[in-house]
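The block underneath contains the structure these notes are about, expressed in structure tokens.
The values are calculated or read from the model by the stated rules, or taken from the named source; none is laboratory data. Note that the coordinates shown come from a computational prediction; the quantities given were computed from them, not determined experimentally. Glycine gets a Cβ as well: all are built from the backbone with ideal geometry, and neighbour counts include every protein chain shown. Just so you know, the surface numbers come from the protein's heavy atoms only, side chains and all, with ligands and any DNA or RNA stripped out. Shrake-Rupley method; radii C 1.70, N 1.55, O 1.52, S 1.80 Å.
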Amino acid sequence: MRNISLAHQSNLLRYEDAQNLLSIQITKNYFALVAEKSNLLLLDEVFNLTQRQFTRSETLFRNGIVGELSLTQSRLALENARYNLSAARTAHNNNTAEFLAMLGISINENITLLGEFNIIKIEADAETLINDYLPSRPDIRRSNQEIERLASAQMQTALQNRAPSLNLSVDWNSSSFDPFTDSISATARLNIPIDPWIPGTTRHQVISRSAGAVEKAKLDLEITSNAAKTQIRSLSALLYNSWDSIRIARLSLEAATRGYQLTEQGFLNGTVEALTLEDARNNMANAKQRLLQTELSYFFMILDLSAALNISWKNLIENYGVTGE
């Protein structure tokens, strides 16, 4: 009964592990769509900027302030922005439809994706995480239960093959003529198997295989544990090092935004060409997209670490997030 219970618990842990992995994947897909939606807002902003710029260029061209080349460059920038926005919107709609289909939701329903990136720096010591959360991982628990099950099976196998057997028999001889002549005899026989103790015999090999299965399960547990520790250490180090890339991306966006503002002012004053303004605008848009992708990658690492620890990513942020960074 104990072995049956352990096997049942092992299957439940496999289900829990698969459920956690599916939850993490769905969360990644969801926030990837949220990031695409933010990118659409960015591309729409760029399109509006280029549209306003083209309108200004037309006015300046009619007044003889800028030449035909500047107007053509503004028109080209507008068409590129229109195309990029249209392509991104089509891709986002397709990805949203696939996501809803995966969840079993009709694409005809009016679904609005809510959520935003509020990236918080995660500071957690890898060894502390390992000590606190490694034993609760489903694969570690399942391996421990498998060792317990195989050890129990090994004990049963040894008892079945090596334990002595005792046979008792009783004979009662009765006489119908003289009841005082009845006799009773009892016999006890103890059988001790020898071949299970002799290497190479069939029953000795059965016992050896059961012991080998336990040792293999212990080795599998050690391999699984080492792989889990390596994963947790790697993700913790990546989170620590990747925060600098977010800081750099934020500074780059600030510089690109300020550069575009100054360049636009120079264009309005007639000291900057349209091509220079377009480059500044593209730099600002690229900086925003880099920041968005950097934050998304950082969030995905948070999800991977929470999966490795078998805890909710919200709990990970709540327990180890550092505000004010």
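Tabulated values for the structure
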item: Backbone N under 20 Å from the Phe61 label point (7 Å along Cα→Cβ), restricted to the range 259-279; result: 264, 267-279
item: Within straight-line cross-link reach of Lys121, lysines at Cα separation under 27 Å, skipping those fewer than 8 residues along the same chain; result: Lys28, Lys37, Lys229, Lys288, Lys314
item: Computed Kirkwood radius, in angstrom, where 1/r is averaged over Cα pairs of the range 208-261; result: 15.0
item: Accessible carbon and sulfur surface of the range 1-160 relative to its total accessible area, %, 1.4 Å; result: 53
item: All Cα pairs of the range 1-84, percent lying beyond 19 Å; result: 64
item: Gained length - Gln261 relative to Ala227, 0.36 nm times residue gap less alpha-carbon distance; result: 7.2 nm
item: The range 204-319, accessible surface, carbon-and-sulfur percent (1.4 angstrom probe); result: 52
item: The range 92-158: radius of gyration over Cα atoms, expressed as a fraction of 2.2 N^0.38 Å; result: 2.10
item: Theoretical gain in end-to-end length, Gln25 to Ala101 [0.36 nm per residue, Cα-Cα removed]; result: 25.9 nm
item: Additional length obtainable on full extension of the chain from Asn118 to Gln293, 0.36 nm per residue less Cα span; result: 61.7 nm
item: Probe 1.4 Å - accessible area at Arg247, Å² to nearest ten; result: 120
item: Listed peptides 15-28, 289-302, 233-246 by packing density, highest first (mean Cβ within 10 Å); result: 289-302, 233-246, 15-28
item: Heavy-atom surface of the range 110-150, accessible at 1.4 Å and reported per residue (Å²); result: 55
item: Calculated FRET value between Glu127 and Asn93, using beta carbons and R₀ = 51 Å, to 0.05; result: 0.65
